[in-house]
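Some notes on the structure that comes next.
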Amino acid sequence: MITKIYRVKGTFLMGDSYHEFTKEYKATCEADVEDKIYQRFGSKHGINRNQISIKEITEIAPEEVLDPIVKEIL
């Protein structure tokens, strides 16, 4: 399977306010990235899937990666 790099932008509800996020993940498809977002935010912040709004999932080139952890994997 060929893995690609995706940048995810969205918002999540924490308390009474919404917070924006941008994350980068290496995965085989957009559905895998979406699941990772829900899993990580749920475990880290203790929020439900309906409190997370994914606005955009885009495939990016390795040269565009900003996350140091994802850069190290490449």
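Note that the chain presents 70 Å² accessible area per residue, ligands and nucleic acids not counted, probe 1.4 Å.
Comparing THR58, GLY46, TYR18 along the charge dipole axis of the range 2-74, the residue lying farthest to the positive side is GLY46, per the Cβ-charge model. The modelled label-to-label distance between SER17 and ASP32, using points 7 Å beyond Cα along the C-beta direction, is 3.6 nm. Between the helical axis of 30-45 and the dominant principal axis of the chain, each derived from Cα atoms, what acute angle in degrees is found, rounded to the nearest 10? Compared with the principal axis, the helix lies near 50 degrees. For the chain, with all protein chains in place and a probe radius of 1.4 Å, 48% of the accessible heavy-atom surface sits on carbon or sulfur. The sum of -39500 (n - 2.57) across all DSSP H runs of n ≥ 4, divided by the residue count of the chain, sets its helix-only mean residue ellipticity at 222 nm to -9000 deg cm²/dmol. Restricted to Cα atoms, the chain shows a radius of gyration and a Dmax of 12.6, 41 angstrom.
Near GLU24: Cβ cut-off under 13 Å, other residues only, Lys/Arg at +1 and Asp/Glu at -1. The net charge is +2.
The values are calculated or read from the model by the stated rules, or taken from the named source; none is laboratory data. What you see is a predicted model; the values in this text were computed from it and never measured. No Cβ is skipped: glycine too gets one built from the backbone with ideal geometry, and neighbour counts run over all protein chains shown. Accessible surface is based on the protein model in full, side chains and every heavy atom, while ligands, DNA and RNA are left aside. Shrake-Rupley method; radii C 1.70, N 1.55, O 1.52, S 1.80 Å.
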